[in-house]
Every structure is written in structure tokens, then in C-alpha cells.
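What follows is a short report on a single structure.
The values are calculated or read from the model by the stated rules, or taken from the named source; none is laboratory data. Remember, predicted model here, so these are calculated numbers, not experimental data. Counting neighbours? That spans all protein chains shown, and the Cβs are built from the backbone with ideal geometry, glycine included. In case anyone asks, the SASA skips ligands and DNA or RNA and just uses the protein heavy atoms, side chains included. Shrake-Rupley method; radii C 1.70, N 1.55, O 1.52, S 1.80 Å.
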Amino acid sequence: MSDNNKKLFLLDAMALVYRAYYALIRSPRITSKGRNTNAQFGFTNTLVDLINKERPTHMAVVWDTHAPTERHIDFTDYKANRQEAPEDLMSAIPDIKRIVESFNIPCVELDGYEADDIVGTLAIEAADMGYTVFMVTPDKDYGQIVRENIYMYKPGFKGGTFEILGEKEVCEKWGINNVNQVIDMLGLMGDAVDNIPGIPGVGEKTAAKLLAEYGTLENILDNAPHIKGKLGEKIAAGKESALMSKKLATIITNVPVEFHEENFRIKEKNEAEMSAVFAELEFRTLAKRILGETPAPANAADSKPVALDLFGDPIEEPVTSSTASFGQIDLFTEAENFKNISDTAHQYHLVQSEEDLQHFIAQALQQKEICFDTETTGTDAMQAELVGLSFSWEKGEAFYIPCTDKEAEVKELLEKLNVLFTKEDILWIGQNIKYDLLMLKNYGFDLKGKLFDTMIAHYSFEPEGKRGMDLLSMRYLQYEPVSIETLIGKKGKGQGNMRDVEVELIKEYAAEDADITLQLKQQFEPLLKEAEVEDLFYKVENPLVPVLAQMEFEGVGLDVDFLKNYSDALGTAIKEAEQKVYEQAGVQFNLASPKQLGDVLFDKMKLDEKAKKTKTGQYATGEDVLQKLRNKHEIVDSILVFREYSKLKSTYADSLPLMVNPKTGRIHTSFNQSVVVTGRLSSNNPNLQNIPIKTDMGREIRKAFKAFDDNHVLLSADYSQIELRVVAAVSGDVSMIQAFKDKKDIHRATAAKVYGVPEEEVTFEQRRNAKAVNFGIIYGQSAFGLAENLGISRTESKEIIDNYFKEYSSVKKYMDDSIAYGKKHGYVKTLMGRKIKLADINSSNQTVRGFAERVAINAPIQGSAADMIKLAMIKISDAMKAANVKSRMVLQVHDELVFEVPLNEVELMKALVVENMQSALTLPNDVPVIAESGTGRNWLDAH
DNA sequence: CTTGGCACGC
DNA sequence: GACGTACGTGCCAAGA
């Protein structure tokens with residue numbers, strides 16, 4: 001095990017310089033003397049970012065300006081084809097070396113060796129001495145020597161974001177089992193070095209497959225005659241270049257360098273030298289941030305010295321377990337060897353006989369907390385069948401009860417277990433227990449006790465990132481569970497079915513799941529407390545689980561015939577528009593292909609000489625681009641019609657009917673409670689949160705969502721301007737609050753203020769602009785985004801924004817405060833205490849930091865609104881149960897709730913829903929919360 | 001089978 | 001002074 005306190009970073013300088021240079025090439029930094037300083041700037045930016053983010057204890061910058069090396073000399077092609085670096089890139093190198101040295105970081109260079117070789121050799125030496133080593137490069141190299149305490153560190157395209165790969169990640173990335181095979185992969189694929197092609201036509205997947213079969217590149221080449229078809233031919237033909245590529249990619253690890261602790265330790269920076277270089281290169285902002293404006297000691301009485309980072313910001317305490325709960329990837333556990341089922345004591349019982357079952361039930365009835373998990377035939381809970389149930393209440397011990405494939409027998413079994421399911425004082429623990437609830441509901445059973453969902457718990461204290469059970473187990477229990485793929489095969493067409501797996505095998509897998517989940521619950525309870533999100537979890541997220549399960553179970557009715565007719569009508573209109581386009585263009589092509597359309601519009605018809613291109617080089621044909629071309633040619637209107645109708649037809653009219661559950665005849669969406677970091681829900685299979693509403697033709701789709709029969713209606717209730725109300729509340733802006741208290745049209749009121757006119761004189765356009773600004777605040781948009789949205793100039797939009805901030809100065813203050821809070825704590829909070837992490841808020845990269853800052857503004861607003869509607873859903877669900885109504889909650893769309901209501905309950909439900917929505921969460925500063933409701937036979941009429 | 005482009009809602 | 005600008009879901013085309 002390595003010493004966590006010794007972090008050595010080795011930078012492949014030339015690779016970073018090249019990338020910095022090209023990353024900024026479209027926006028060159030030209031100094032007053034006409035020099036391009038892209039490379040210097042980009043490199044320094046990455047360096048500073050890395051130091052601030054990773055806080056290395058040791059560091060070296062490795063150069064290979066004295067390469068090419070001996071091994072390159074054999075390859076005349078390589079030398080001949082190697083492109084000369086641009087002059088301004090080459091001339092940047094001395095500057096960069098000066099900058100690096102002003103940081104007091106050593107530059108290492110050795111005649112005849114590439115940086116890879118030097119870095120590799122140093123890495124191995126230092127790793128053997130107990131250092132954790134990070135080899136920093138934007139390239140793919142190094143994979144072959146990544147091992148336990150050596151990692152690859154890949155800075156993002158322009159600094160800011162980054163990626164850290166250990167042995168495991170590298171293997172995963174390349175699809176191989178052994179990290180030593182990386183070099184063979186590079187040989188096969190040939191992108192180790194420019195211009196050495198490897199074997200053309202062999203991609204990552206093919207290469208990994210070949211290596212899995214033959215082990216090494218040499219073996220593959222020897223066996224080329226036995227490899228069938230085109231692939232075999234290609235391999236035989238590419239032999240030479242594959243070997244060449246491999247040789248070029250091989251890292252030499254016996255370079256004559258030595259690692260000396262003292263030479264590489266991070267030391268004080270040489271400020272005089274640094275400021276001189278920065279002045280020369282005209283890095284004013286960077287200089288100011290790194291060198292200038294060091295804050296005075298906060299408090300003379302507070303004698304504790306405050307460590308400052310390169311920007312003069314105080315360095316936070318080192319990461320401890322409490323901050324780890326905010327998504328810190330713990331590199332050092334990642335590299336550990338995990339325990340697994342074969343070396344961990346466990347007792348997993350198979351419950352098969354009646355006697356076993358009775359014994360199990362008797363024991364279970366004694367328990368207060370039971371972990372519960374179902375095994376089924378599929379991932380869609382509304383269609384799957386039960387294969388077995390597992391339970392655990394003691395670490396290392398679990399029970400698995402298999403089911404037969406006869407529904408009646410399964411129900412009989414569940415009937416026997418129902419004494420448990422209906423017991424009120426059991427806490428049921430599960431990972432994504434909504435799924436298990438749905439399974440039970442489909443057999444007519446329900447859990448009466450309380451719930452604890454480990455997945456939701458994890459989401460509550462760490463909303464970002466993944467939370468699959470296997471992952472959580474490895475991270476929090478250092479235990480690697482049996483993978484489902486070992487039972488039913490790899491994902492994809494060939495994947496088998498749980499039902500076909502031997503019961504003894506399922507038992508081990510299923511019981512282990514319950515066992516692990518139980519242990520996760522024990523781990524997570526203190527973490528919830530530590531992260532101060534107990535209220536969020538116990539009052540909002542966890543109680544929402546059964547509510548969502550019930551909503552998904554109910555589903556919503558769909559008028560399939562209506563959609564079928566509508567689809568036909570759309571089809572006709574699409575054909576018409578398509579024909580028009582072909583006539584006007586004078587060619588037949590696939591209008592659904594953006595690539596072909598771009599070629600027709602811009603190459604053939606030349607509608608815009610300076611047409612924008614996408615990053616892959618094809619013409620951009622998005623809606624915004626087309627809108628700007630509308631007055632140039634009437635073909636554009638037909639294209640827009642085609643686009644709109646095709647979307648409606650394929651995504652909605654044709655797809656939704658396919659999602660109708662054959663058993664219930666209804667649509668059962670799945671709400672995901674643990675995806676969106678701000679706390680919103682997401683919906684899929686199908687996504688019912690993006691049903692069209694803006695255009696007339698789109699709105700028609702909503703007519704297909706209908707109430708059960710003539711005795712029912714859909715009731716839709718939505719919050720009015722909820723996010724702006726949250727803005728008013730958290731900012732305490734007096735005039736905005738007053739506008740809400742006076743029940744004004746908020747956008748009109750805003751326009752009046754911004755344009756300095758009486759409310760009744762606000763024009764349509766002024767209101768529209770004001771609305772866009774309000775909207776922009778909520779989404780954290782910038783002046784650019786606003787201008788883009790409104791089709792006005794950037795200066796004009798900036799003026800509007802400036803006026804807005806003058807009139808609503810508290811809103812501006814809130815935004816600044818929120819960013820400051822984010823910088824200080826590394827996260828921002830919603831009203832219910834949900835914490836949203838802001839990893840990049842102190843980034844030296846303006847784009848990256850700007851993004852984090854917008855999140856800091858937006859997340860508390862959107863997240864608090866999400867908190868509110870979640871609380872409302874729980875309250876409403878409880879109130880509906882208490883009132884014993886027949887009505888059902890069926891959908892949630894961020895600020896709207898939809899219910900299916902029998903006619904005789906309409907008035908009751910309207911009052912119940914609106915009242916509970918409005919009182920779910922009291923906003924600060926007495927900002928009123930308003931919910932409005934409507935009913936109708938279908939979703940459109942209900943609005 | 002993966003990716004890129006596009007479009008829908010909030 | 002240029003960067004490049006909410007998120008999540010899902011469809012289709014294109015190229016391996």
C-alpha cells in the first residue's frame with residue numbers, strides 16, 4: 001500500500017504543449033508585439049489547475065525536445081512524415097520552461113529519450129519507494145505501466161475537467177483483462193504514433209476480441225492464416241506496420257534517470273521570476289490571480305496560519321471521510337483487491353420445503369429490520385415475473401426463496417409471506433426498492449411497514465455520479481459482488497434469463513445482494529447524518545419512493561386509435577413537405593439525414609457562404625440555423641415542417657402506442673429519482689415529461705392521454721412561476737416579492753421595471769424580453785444565451801440584464817452570494833438541505849468555472865422547487881389515503897401533477913391538491929405559493 | 001453497436 | 001478578449 005501523503009505528478013510536457021496550442025488555435029492569444037502565446041497560456045492554465053485541484057507533494061515536468069529516440073531512427077517513413085511543429089509552438093518552449101522553473105518545479109530532459117520513457121522509468125522508481133504516481137498526459141500512452149500505485153492523469157481538453165485511470169479503468173477502457181496488452185492494442189490499432197497505421201480496419205472492439213483469443217500481438221500475426229475472411233487478410237497485410245507501431249509505442253523503462261525526493265518536492269514559487277515571465281507574455285489576469293491580491297490575514301487574533309493556494313484562496317482542510325461523502329473518488333480504495341464471495345464467510349440458505357419456509361417466517365417475524373430483494377425475469381417491473389425473493393437481517397446471512405413459473409403458485413407463496421408484508425413495524429431495506437414494490441403490487445401485495453432505500457440514501461448524500469449496487473459495494477464495503485453477467489451472460493441480444501439459471505447459483509447471487517444491501521444501509525445511516533441531509537432523506541426522498549411506485553403502477557390511459565389516425569395525418573403532411581423540398585432543391589435525398597441536408601443547402605444551393613459546421617465537419621442544420629435562412633429560400637419552411645412533424649410522428653404518435661402495457665392497457669412510465677443532481681425527477685420508457693405543448697400540432701399529442709372512462713377526468717395542477725417565487729424568496733428582493741404578493745403578471749412587472757415604463761404600457765416585445773431574462777436567471781444563462789434566445793444583439797441583451805440587476809439588486813446579490821458560498825464550501829444548498837457539489841467552482845479555466853457558477857445560481861432555485869413538489873406529492877398521497885378517495889396520482893412533470901379523478905371527487909380533489917401543493921414548503925420572506933388546477937377528459941383539456 | 005445531430009419538455 | 005454556454009430522454013443516420 002502506498003503512502004497517501006506522497007503524490008508525485010510527472011507531466012509529459014510536449015504532449016501538453018501541443019494540445020494547449022491546438023486547443024486554442026481558433027482563438028489565438030496575440031500579444032501586443034504580435035506573438036502567439038497559445039501554448040504558454042494553455043500549458044500554464046493546465047499546470048495551475050492541476051496543482052490547485054490535486055495538491056501534489058512532488059512534481060516534475062518532463063521534456064523530449066531532444067528526441068526522436070534511437071528506436072525512431074529505423075523508421076524512415078515515420079521521420080519523413082512527422083510534421084514539423086509550428087514555429088510559434090516551438091518558440092513557446094523556452095517560455096514554458098521558465099514558467100515551470102518559476103514554480104520551482106524541475107524540468108527533466110535526457111538526450112535520446114522520449115518523455116514517455118523518462119516518465120515511465122521515474123514512475124516505477126517512485127512507485128517502488130511508496131509514492132502514488134500520476135503520469136500526466138492527454139495521450140493514450142502509459143497504459144502499459146499503470147499499476148497499483150501508478151495512475152494516468154488526463155487533464156480535460158482545456159484544463160478544468162480531468163480523468164484518472166488506474167489499472168482497472170485502463171483495462172475497462174480498452175476492453176482487455178491485462179494492462180500489459182495495452183501496447184499490443186496500440187500496435188493493432190496503430191494510433192500510438194501519427195502516420196504509423198497499425199492494421200487498418202481493426203478498431204478497439206476487434207482488437208480486444210483478438211487479444212482475448214490469442215493473448216499477444218505476435219500470436220495474432222502468426223495465426224493470421226487461420227483467421228477467417230477479410231479480417232485475416234487485413235492482418236496478414238498489416239503485419240509490418242503493426243509491429244512497427246508496437247515498437248514505437250513501447251515505453252522504455254530503464255532510462256538512466258534517478259528519482260531523488262528533494263529534487264522533486266514542491267517548493268515555494270519564485271514570484272519575481274514568475275511575474276517577469278507573465279509580464280513578457282502579457283498574462284495579466286493570470287498573474288493577478290496567482291501573484292496579486294493575496295488577502296490580508298483574516299483576523300489578527302486568529303493566529304492559525306492559513307495556507308493559500310496559487311490564487312491566494314485559502315486551502316481547505318485536507319479531504320477527510322466527511323468530504324469523501326460528497327463524491328470524492330477515493331483512488332486508494334479503487335486500487336485495492338476486493339473481497340468477494342469466495343473469501344468471505346457467509347451462510348446463504350435456500351428456503352424450499354414448507355418446513356424451511358415456516359421456520360424462515362417465524363424467524364423473520366422476530367425482526368425489526370429486513371433487507372428485501374426480488375429476482376425477476378426482466379428489468380421492466382410492469383412486465384417481469386418473479387423468480388425468487390431474498391431476505392437478510394444479519395451481516396453474512398441471507399435467505400433465498402425460489403418461485404416456480406406458475407403464477408398461481410407464486411401467489412400462494414406470497415400469501416404465506418403476507419404475514420410479513422403486512423406487519424407494520426418492519427423496516428424494509430432495499431436497493432431501488434421501488435422496483436420490488438412494483439413487483440409485489442403486480443401480484444397484488446404491498447409492504448405495510450416502513451422503507452429504507454439504499455440507492456436513494458446514496459443519492460441524498462451524493463447526488464452526482466453512479467450508484468449501481470456493485471459499485472456501492474466495492475466502494476463502501478470493499479467487496480466485489482457476483483456479477484449478474486456471470487449468471488445470465490453479457491448485456492445484449494444473447495443475454496439469458498434468470499429463470500434458466502440453476503437455483504443454487506441464483507441463491508448465491510440473490511442472497512448476496514440482500515446481504516450487501518443490508519450492510520450498505522448500515523454504512524449510509526451515519527453518512528446521511530454527517531452530510532446533514534437526514535431531513536432531505538427521511539422527509540423528502542425516502543417517503544417519495546412508495547408514492548412513485550404507486551404512480552407507476554397506476555399508469556395513465558392512452559387513446560391508441562387517436563394516435564394511429566394522427567400518425568397517418570402526420571405521415572401525409574410529412575410526405576407533402578418532403579416532396580416540396582425535393583422539388584425546390586432539384587434533387588432527391590434523405591431529408592431525415594442532417595448530413596445530406598447540409599450538403600444540399602450549402603454546397604448545392606449555396607444558401608449561406610459562411611455556413612457553420614459542426615465539430616465533425618458537416619454543416620450544422622439545427623433549428624436556429626434554419627430559422628436564420630427562412631427569408632433566403634422558401635425551401636426552409638418545408639424543411640422545418642418536415643422536422644417538426646417527423647419528430648411528432650416518430651417520438652410520440654408511433655412510439656407511445658408501443659409502450660402500452662398489454663396486461664393493463666395503460667402506459668406505465670418509470671420515474672427515476674436518482675439521476676438529476678438538482679433533485680428533479682426524470683421519466684423514461686416512455687419519457688412523459690417531454691410531451692409536446694408549444695406548437696398546435698404538437699399539443700394534439702396530449703389529447704391521447706385520457707381518463708379511464710366517461711366517469712373520470714384528468715386533473716392537472718401546476719405551480720405558478722414556482723422557480724421565480726423561489727428566486728424572490730431566497731434573494732429577499734422586496735420589489736419582486738411585492739409583485740407576487742400583489743398577484744401581478746411577473747413578466748409584465750419585470751418589463752415595466754427594466755424598461756422604466758408603467759405596467760399598462762409594456763409592449764408585447766418588452767414583456768417577451770423580460771420573460772426571457774427571468775427565464776435566463778432560472779437557468780443560469782448568460783448575456784450570450786439571452787441574445788441568442790431573443791435574436792437580439794449581445795450589447796442589447798447586456799443592457800437589459802444590467803437594467804434588470806439595477807432594479808432587482810437583491811437578485812444580483814443573491815447570485816453573487818451563492819457563488820461565494822459555493823466557492824467557500826464547494827457546494828450549494830436547497831431549502832430542504834440538498835447539497836449540490838461544485839467541483840469546478842475554483843477552476844482557473846473560465847469556461848469551466850463559469851459553468852460551475854451558473855450551477856451555483858441555478859441549483860438552489862431548481863432544487864428547492866423540486867423539494868417543494870416532492871413534499872407536495874407525499875402530503876397529497878397521505879391526504880388521499882386518509883380521505884380514502886378513488887382518485888389516483890398519475891404523472892409529475894417538474895411543476896405539474898396530474899391525477900385521474902372520478903367525477904364525484906373532482907371538487908374534493910381540486911381543493912385537496914391545491915391546498916397541499918401550496919402548503920408543502922413555506923418559502924422564506926412570506927412569498928406566496930400559488931397552484932392552479934384544471935380538469936378535462938384528456939391532458940390537453942385539463943390545462 | 002456506438003456516435004453525432006437534432007428536438008421535445010421544463 | 002475569446003471561450004461557449006441548463007438537463008434528461010429518445011429518434012434517426014452514418015460508419016465501423
Inside the range A:616-643, can you point out the residues that are open to solvent by 30 Å² or more (accessible area, probe 1.4 Å), within 9 Å of DNA strand B (Cβ to nearest atom), farther than 17 Å from A:Y582 by Cα and assigned to a helix (DSSP H, G or I)? A:E623, A:D624
Within the range A:881-899, tally of residues that are more than 16 Å from DNA strand B (Cβ to nearest atom) and surrounded by fewer than 23 Cβ atoms within 10 Å (Cβ to Cβ): 9
Which listed residue is away from DNA strand B (no atom under 14 Å from the Cβ) and loosely packed, with under 13 Cβ neighbours inside 10 Å, from A:K613, A:K604: A:K604
Residues (within 16 Å of DNA strand C (Cβ to nearest atom) and surrounded by fewer than 19 Cβ atoms within 10 Å (Cβ to Cβ)) located in the range A:754-777: A:K771, A:F775
Which of the numbered conditions does A:T664 fail, given that it passes all the others? Conditions: (1) of a type in the set (S, T, Y); (2) away from DNA strand C (no atom under 12 Å from the Cβ); (3) part of a strand (DSSP E or B). (3)
Could you run through the range A:684-703 and say how many residues are more than 6 Å from DNA strand C (Cβ to nearest atom) and not charged (D, E, K, R)? 9
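Is at least one residue of the range A:447-457 part of a strand (DSSP E or B), of a type outside the set (D, E, K, R), modelled with pLDDT of 95 or more and assigned by TED's automatic domain parsing to the domain that holds A:E530?
Yes, the range A:447-457 has at least one match.
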So how many residues does the range A:644-654 have that are open to solvent by less than 40 Å² (accessible area, probe 1.4 Å) and either more than 10 Å from DNA strand B (Cβ to nearest atom) or polar (S, T, N, Q) (or both)? 2
Which count do you get for residues in the range A:479-508 that are at pLDDT below 85, away from DNA strand B (no atom under 16 Å from the Cβ) and in a loop (DSSP other than H, G, I, E, B)? 2
Please count how many residues of the range A:390-400 are surrounded by fewer than 24 Cβ atoms within 10 Å (Cβ to Cβ) and not acidic (D, E). 3
Of all residues being open to solvent by 20 Å² or more (accessible area, probe 1.4 Å) and in a helix (DSSP H, G or I) in the range A:732-753, which is farthest from DNA strand B (Cβ to nearest atom)? Just the residue, please. A:V734
Does A:A856 satisfy the criteria of being in contact with a strand residue (DSSP E or B) (Cβ under 9 Å, 6 or more places away or on another chain), assigned by TED's automatic domain parsing to the domain that holds A:Y779, open to solvent by less than 60 Å² (accessible area, probe 1.4 Å) and within 14 Å of DNA strand C (Cβ to nearest atom)? yes
Quick one: in the range A:543-586, of everything that is under 18 Å from A:R643 (Cα atoms) and without any contact (Cβ under 8 Å) to a residue 40 or more places away in the chain, which residue is least open to solvent (accessible area, probe 1.4 Å)? A:Y582
Do we find that A:D191 is at pLDDT 80 or above and surrounded by fewer than 18 Cβ atoms within 10 Å (Cβ to Cβ) in this structure? no
Please enumerate the residues belonging to the range A:621-639 that are within 16 Å of DNA strand C (Cβ to nearest atom), in contact (Cβ under 8 Å) with a residue 24 or more places away in the chain and either in contact with a Cys (Cβ under 8 Å, 6 or more places away or on another chain) or acidic (D, E) (or both). A:D624
Could you tell me whether A:N418 is touching a residue at least 12 places away in the same chain (Cβ under 8 Å) and within 30 Å of A:L536 (Cα to Cα)? no
Considering residues that are open to solvent by 60 Å² or more (accessible area, probe 1.4 Å) and either more than 15 Å from DNA strand B (Cβ to nearest atom) or within 24 Å of A:L536 (Cβ to Cβ) (or both), the number found within the range A:665-706 is 3
